[in-house]
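Below is one structure; the comments refer to it alone.
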Amino acid sequence: MSIDRQHFRLALATTPFTGRIEALSKTENWTAWNSYKVPRVVDNLSTEYFAVRSGCSVMDMTPMEKYRIRGSDALAFLDRLLTRDLSKLRTGRVSYVVWCNDEGKLIDDGTVFQLGEQDYRLCSQHHQLDWLRLSAAGFDVDIETETHEIAALAVQGPTSYSVLTAAGVTGLDTLRPFDVRETRLGDIPVTVSRTGYTGDLGYELWVAPEHALALWDAVFAIQGLYDIHVIGLDALEMVRVEAGFIMPGFDFNTAETTVRDGYARSPYEVGLSWVVNLDKGHFTGRRALMAEKAAPPRRRLTKLVVDGNKPVGEAFIYARKRGRQIGEVKVAVWSPILKANLALADIELKKGRFPDTLWARIDYQRELKWHSAWEPCRVSTKPFYSPEHRSATPPEAC
Amino acid sequence: MTDTADVIIVGAGHNGLTCAAYLARAGMQVICLESAPQPGGLSAKRSFGEHYRLPGLAHWSYPLSPTLCRELELERFGYVPGKPADTVVLDRSAGPLTLGGNSVSGESLSRQDAAEYPRFRDQYLEFAKVLRPVLKNRPPRLKDSDSRDKRTLARLGWDLRFGLGRDKMGEFLRVAGMNIFDLLNDTFSDERLKAAIAVDAVMGNGMGPRTPGSVLTWLTRLAAELNGGPVLYDGGTSDIVAPLTQSAQSAGATIRCDARVERIVVENGRAGGVVLENGERLTAACIVSSADPRTTFLSLVGAPRLDAMFARRVAQIRGAGVVAKLHLGLDGLPAFDGVEASQPDRRFLIGPSMRYVERAFNPVKYGEYSDEPVLEITLPSVNNPDLAPAGQHVMSVNVAYIPYKLKAGWESGKTALFDTLIALLERYAPGLRSQIVAHECLTPADIEAGYLAGEGHWHHGELALHQSLMLRPVHGAAQYDTPVENLYLCGAGCHPGGDLTGLPGQNAAWRILETDVSR
């Protein structure tokens with residue numbers, strides 16, 4: 001969708017779906033995502049959360065930054081940009097990726113979709129065109145922003161497969177996790193990928209803006225006990241923490257926006273060593289990451305289960321009750337499905353290891369009076385929530 | 001012919017040779033590869049017309065440092081310090097002005113200026129002395145500095161505060177960031193005198209007298225002058241090439257000419273060899289490049305094998321050459337207005353006032369050049385008659401400011417440039433046009449093509465403040481080692497920069513020797 005020439009009159013741009021969401025909104029609780037108007041909550045947070053976990057959630061993800069990368073050096077360019085070995089990626093597959101600056105600190109994360117030979121789409125949290133262009137020197141590669149040209153809808157939750165199939169999207173029964181495929185919905189060409197940010201069964205659908213409403217209407221026309229709800233960013237925040245997904249710029253500061261020494265984070269420091277391949281050849285930050293890997297890790301963004309039911313909010317982490325502060329909670333949610341306080345916390349390690357005990361000091365209010373509570377925390381090495389139905393192919397029909 | 005060595009040096013200019021000589025003397029097996037048929041780079045001999053030769057594109061220099069001469073035993077290999085050369089500023093109305101060492105003389109020079117000049121020079125030589133420990137060492141790192149970095153910084157601080165004393169330090173700090181235009185207007189009234197100093201401050205750089213930082217570039221030049229004033233070698237600047245070459249060879253270094261390096265082989269972030277234009281592959285534990293940093297990193301290594309931001313920094317180095325070279329074969333000595341015929345072994349300047357120099361500079365920013373450029377003229381055949389047929393002479397002219405990229409394009413623009421230059425010279429040396437037997441005109445683009453110096457820049461990158469010291473050539477490669485393991489820089493693009501000093505080559509060799517290159 002090319003932006004109409006009056007766009008500057010509005011502080012926030014709208015997506016093809018905005019009108020539909022406005023019609024459904026009962027809270028008028030809006031926020032900005034990449035300068036687009038998106039809901040935080042449309043109707044009710046609990047309803048939206050449970051749509052993801054036990055029904056079918058629909059989220060407008062058009063504001064996600066999207067770049068098309070083509071040219072004879074497209075693969076070589078991406079392999080030099082990203083920390084992961086992309087030579088193993090095939091057409092029709094998607095990969096979770098991160099990229100670093102020269103100092104090996106994270107600039108952003110995202111997903112790479114291989115759409116064809118030397119033809120890729122890179123989706124990212126933050127605007128990256130400048131970094132991509134800067135990285136393109138010496139490569140025969142063409143980089144285009146597609147953010148405004150493609151409407152995207154995330155349909156996620158245990159009933160999402162049944163809903164989309166009922167709506168007429170074909171070919172989902174053979175679509176494995178991290179597959180991407182061109183398919184159709186009636187006459188509409190739709191690109192569908194089995195990807196998402198919820199940790200549940202789910203799909204992302206990519207269409208030309210002029211077909212966006214037809215897709216939306218086809219999904220919402222489905223009748224039955226599928227529990228279909230449009231959701232906002234607040235529900236997404238809950239489910240992504242349950243799934244253990246990180247968000248650059250929120251859980252840690254991104255490298256190219258960091259001024260203070262020591263405030264940026266490397267993939268190792270946020271627990272993403274599995275996406276770094278130091279043996280694949282040169283990439284930006286490799287030298288720094290090799291040096292970092294040679295020494296014991298000094299800090300780690302860690303998944304914590306915090307005891308008790310106090311709202312964790314922004315707590316500090318201690319090795320001993322009333323001891324020295326060694327970390328801080330970056331994001332915390334109450335998980336309704338796990339009945340637990342979940343947090344991602346940035347924690348200093350000692351000789352590469354976590355201390356034997358971890359305590360969170362939680363400051364909370366009771367009727368406008370502040371209280372403090374000390375709660376023990378446990379490190380979780382796996383995603384907090386990862387249901388089996390998430391990865392079954394074909395998915396269970398509901 | 002051997003195809004492996006401890007060290008491969010790319011380029012046998014004076015810095016490559018200096019580095020080769022030092023490393024060979026330290027017992028390393030060194031191969032130095034030169035694309036031209038002879039070593040020397042900008043100091044190599046050159047011929048034009050049928051019968052004329054030039055002793056190097058660079059036509060004068062400051063004497064090499066005594067340390068370099070001693071450590072490389074250059075005198076044993078035939079190095080003869082050149083002859084100090086006076087500078088004569090030509091001015092058709094006020095008459096010529098002659099500068100030599102600490103003295104200045106000329107018609108209509110005021111007594112105040114004549115008296116002030118030696119005092120002024122002494123003061124600025126003293127300032128330059130303060131910079132010397134920094135120039136002769138690798139530039140100190142401010143973050144993660146080692147003991148040697150701290151020593152260099154401490155020495156600079158000590159010399160500033162206690163060497164100069166409080167008042168002079170205050171004056172140094174006042175002027176260091178200034179432009180030379182304002183400084184000289186504060187000090188002198190004679191336009192010719194001011195222009196002569198200003199030209200030395202800016203020559204070779206894309207800056208005019210009014211460009212900020214031009215006092216600092218002048219101080220860097222004065223630091224070289226601590227070894228002695230400008231000299232003209234009998235055989236031209238190529239007089240320093242043969243001793244350096246022999247010094248390197250006698251210590252066991254191999255110097256291969258006609259061997260153009262096409263690519264530095266880098267695998268997994270580590271340099272391990274070079275590929276020549278003819279496809280031959282040589283391997284070494286350590287690769288040292290005296291090519292300019294942009295050529296080294298972007299052409300020989302290639303941006304894809306570097307981190308993105310580092311490659312970006314290198315690509316952004318400011319360094320478009322602004323000096324063209326005019327070579328004339330003449331059937332006799334030119335007669336400069338007002339200059340006695342008995343004094344031809346001088347450095348002549350056409351640039352009678354700082355405003356003239358600034359006006360010559362202005363158009364180059366827009367890809368054009370002035371009708372009245374600044375000319376720096378020598379007659380190398382005066383001291384070396386072999387360069388031209390008997391009774392004839394060669395004239396070597398540095399022409400500032402001529403753009404690397406001419407707006408109209410050099411293919412069609414070169415004849416007009418030649419005509420402009422001859423018309424200008426004719427005004428200062430009437431009858432010169434009829435003396436011309438042969439000529440050659442090299443734009444910065446020609447200098448790039450012939451000498452592989454990026455954008456034809458003498459100094460392989462501007463000597464601007466933001467490209468000096470720990471920022472030369474760029475952050476991340478300022479201590480001669482680079483982000484590519486086992487790849488080092490030793491050319492003029494490194495600290496302390498251009499001119500024929502050998503210091504980048506020397507500093508680089510020291511740096512390589514203090515690192516274990518066999519790892």
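Mind checking region A:1-62 for GluC sites (Glu not before Pro) that DSSP puts in a loop (not H, G, I, E or B) and that have at most 15 other Cβ atoms within 10 Å?
A:E28
Taking a quarter of the surface of the Cα convex hull of region A:136-292, what do you get in nm²?
Orientation-averaged projected area of the Cα hull: 12.6 nm².
By DSSP, what percent of the beta bridges with both residues in the protein assembly as shown are antiparallel, rounded to the nearest 5?
80 percent
In whole Å, what are the Cα extents of region B:219-373 along the three principal axes, biggest one first?
64, 44, 35
Which of the peptides B:504-514, B:114-124 is most tightly packed, and how do the rest follow, going by the mean number of other Cβ atoms within 10 Å of each residue?
B:504-514, B:114-124
Show which lysines lie in cross-link reach of B:K136 when reach means a straight Cα distance below 18 angstrom and same-chain residues fewer than eight apart are skipped.
B:K150
Starting from the Cα gyration tensor of region B:32-184, take the square roots of the eigenvalues, sort them a ≥ b ≥ c, and report rounded, prolate or oblate (rounded when a/c is under 1.5, otherwise prolate if a/b is larger than b/c, else oblate).
Oblate.
Dipole size in debye (nearest 20) for the protein assembly as shown around its Cα centre, Lys and Arg Cβ +1, Asp and Glu Cβ -1?
2840 debye
Can you list the HN-Hα couplings for region B:42-50, worked out from phi with the Karplus curve (6.51, -1.76, 1.60; θ = phi - 60°), rounded to whole Hz and with x for Gly and Pro?
Karplus values, whole Hz, x for Gly and Pro: 5, 9, 6, 5, 8, 10, 8, x, 8.
Let's test the formula: R0 of 56 Å, r as the Cβ-Cβ distance of B:Q123 and A:K350. What FRET efficiency results, to the nearest 0.05?
About 0.45, to the nearest 0.05.
Cα-Cα over 23 Å: which of A:K105/A:K350; B:K365/B:K414; A:K280/A:K350; A:K310/A:K351?
Over 23 Å apart, Cα to Cα: A:K280/A:K350; A:K310/A:K351.
Where the accessible area of chain B is counted over protein heavy atoms with a 1.4 Å probe, how much of it, in %, is carbon and sulfur?
For chain B, the apolar C and S fraction of the accessible surface comes to 49 percent.
Convert 25 °C to kelvin, take the viscosity as 0.890 mPa s, use the Kirkwood radius over C-alpha pairs of region B:317-373 as Rh, and evaluate the Stokes-Einstein diffusion coefficient in µm²/s, rounded to a whole number.
Answer from the Stokes-Einstein relation: 173 µm²/s.
What does region A:218-298 give for Rg and for Dmax, in Å, if only its C-alpha atoms count?
Every Cα atom of region A:218-298 included, Rg and Dmax give 19.1, 57 Å.
Quick one: dipole size for region A:197-355, taken about the Cα centre, charges +1 on Lys/Arg Cβ and -1 on Asp/Glu Cβ, in debye to the nearest 20.
1440 debye
Within 10 Å of each Cβ of A:135-146, how many other protein chain Cβ atoms are there on average?
Whole-number average of other-chain Cβ neighbours for A:135-146 is 3.
Expressed as a whole percent, how much of the Cα-Cα distance distribution for region B:1-51 exceeds 12 Å?
Here the long-distance tail beyond 12 Å is 64 percent of all Cα pairs in region B:1-51.
Assuming a viscosity of 1.002 mPa s and a temperature of 20 °C, what translational diffusion coefficient in µm² per second does Stokes-Einstein assign to region B:409-482, Rh being the Kirkwood radius over Cα pairs?
140 µm²/s
What part of the accessible area of chain A, given as a whole %, is carbon or sulfur when the probe is 1.4 angstrom?
Accessible surface attributable to carbon and sulfur in chain A totals 50 percent.
Quote the relative contact order of chain B in percent (integer), defining contacts as alpha-carbon pairs under 8 Å separated by 6+ residues.
24 percent
With the Cα gyration tensor of region B:272-329 giving a ≥ b ≥ c as the square roots of its eigenvalues, does the rule (a/c under 1.5 for rounded; else a/b larger than b/c for prolate; else oblate) give rounded, prolate or oblate?
oblate
Enter the per residue convex hull volume of chain B, computed from alpha-carbon coordinates, in Å³ rounded to the nearest integer.
143 Å³
May I ask you to list the lysines whose Cα is less than 17 Å away from that of B:K129, ignoring any residue fewer than eight positions away on the same chain?
Cross-link targets: B:K168.
Calculate, for region A:211-338, the solvent-accessible area per residue in square angstrom, rolling a 1.4 angstrom probe over the heavy atoms of the protein chains.
About 48 Å² of surface per residue is accessible.
Could you tell me which helices of chain B pass both thresholds, a Cα extent of 30 Å or more along their own axis and a mean Kyte-Doolittle hydropathy of at least -1.0, with helices taken as whole DSSP H runs?
Long hydrophobic helices here: B:111-136.
Calculate the radius of gyration of the Cα atoms of region A:156-221 to one decimal place, then report Dmax, the largest Cα-Cα distance, as a whole number, both in Å.
Answer for region A:156-221, Rg first and Dmax second: 10.9, 31 Å.
I'd like the isolated cysteines in chain B, meaning no second cysteine's beta-carbon lies under 4.7 angstrom from theirs.
Singleton cysteines: B:C32, B:C69, B:C257, B:C286, B:C441, B:C494.
Under the definition of partner shielding as Cβ atoms of other protein chains within 10 Å of a residue Cβ, what is the mean value for peptide A:70-83?
1
Of the options B:G505, B:P403, B:L424, report the single residue whose Cα projects farthest towards the positive end of the charge dipole of region B:379-519 (beta-carbon charges: Lys, Arg +1; Asp, Glu -1).
B:L424
Which residues of region B:307-322 show a drop of at least 50 Å² in accessible area when all protein chains are present, compared with their chain alone (probe radius 1.4 Å, heavy atoms only, ligands and nucleic acids excluded)?
Relative to the lone chain, where solvent access is computed with a 1.4 Å probe, region B:307-322 loses at least 50 Å² at B:D307, B:A308, B:M309.
Taking only the Cα atoms of region B:126-268, how large is their convex hull per residue, in Å³?
Considering the Cα atoms of region B:126-268, their hull volume per residue is 225 Å³.
Quick one: check the C-alpha center-to-center distance for region A:305-331 versus region B:479-498, whole angstrom.
Rounded to whole Å, the Cα centres lie 48 Å apart.
Subtract the Cα-Cα distance of B:R270 and B:W158 from 0.36 nm times their separation in residues, and report this length gain in nm to one decimal.
Gain in length upon complete extension: 36.4 nm.
Compute the accessible area of each residue in region B:252-289 twice, once for its chain alone and once with every protein chain present, using a 1.4 Å probe on heavy atoms, and list those whose area falls by at least 40 Å².
Listed in order, they are B:N268.
Let me check against my output: what whole-number percent is the relative contact order of region A:243-398, with C-alpha pairs under 8 Å and at least 6 apart?
In percent, rounded to a whole number, it is 23.
Restricted to Cα positions, what overall size does the protein assembly as shown have along the principal axes? Three whole-Å values, descending.
Principal extents (Cα only, largest first): 109, 63, 60 Å.
I'd like the trypsin sites (Lys or Arg not before Pro) in region A:13-59 restricted to DSSP loop residues with at most 11 other Cβ atoms within 10 Å, sorted by number.
A:K26
Considering only protein heavy atoms, what per residue accessible area in square angstrom results for region B:186-340 with a 1.4 angstrom probe?
That works out to 31 Å² for each residue.
How many Cβ atoms of partner chains, on average, are near each residue of A:284-291 if near means within 10 Å of its Cβ?
Whole-number average of other-chain Cβ neighbours for A:284-291 is 3.
Under the rule of -39500 (n - 2.57) per DSSP H run of 4 or more residues, summed and divided by the residues of chain B, what mean residue ellipticity at 222 nm is obtained, to the nearest 500 deg cm²/dmol?
-10000 deg cm²/dmol
So, in Å, what gap is there between the alpha-carbon centers of region B:171-193 and region B:60-96?
Value for the Cα centre distance between the two parts: 25 Å.
Report for chain B the percent antiparallel among DSSP-assigned beta bridges with both residues inside it, nearest 5.
65 percent
What Kirkwood radius, in Å to one decimal, follows from the Cα pairs of chain A?
Over chain A, the inverse of the mean reciprocal pair distance is 22.3 Å.
Answer rounded, prolate or oblate for region B:6-82, using the Cα gyration tensor with square roots of eigenvalues a ≥ b ≥ c: rounded when a/c is under 1.5, else prolate when a/b is larger than b/c, else oblate.
oblate
Could you pull the Rg and Dmax for region A:1-137, using just the Cα atoms, both in Å?
17.9, 49
What would the Debye formula give as log10 I(q)/I(0) at q = 0.21, 0.24 Å⁻¹ for the alpha-carbon point model of region B:374-444, no solvent?
-1.01, -1.20
Please list log₁₀ I(q)/I(0) at q = 0.12, 0.16, 0.20, 0.26 Å⁻¹ for region B:454-519, using the Debye equation with identical point scatterers on the alpha-carbon positions.
Those come out to -0.28, -0.49, -0.74, -1.13, one per q.
How large is log10 of I(q)/I(0) for region B:292-442 at q = 0.17 Å⁻¹ when the intensity is taken from the Debye formula with one equal scatterer per alpha-carbon?
The Cα Debye sum returns log10 ratios of -0.98.
The values are calculated or read from the model by the stated rules, or taken from the named source; none is laboratory data. No experiment lies behind these values; they were computed from the predicted model shown. All Cβ positions, even for glycine, are placed from backbone atoms using ideal geometry, and neighbour counts span all protein chains on display. With ligands, DNA and RNA removed, areas are computed over all heavy atoms of the protein, side chains included. Shrake-Rupley method; radii C 1.70, N 1.55, O 1.52, S 1.80 Å.
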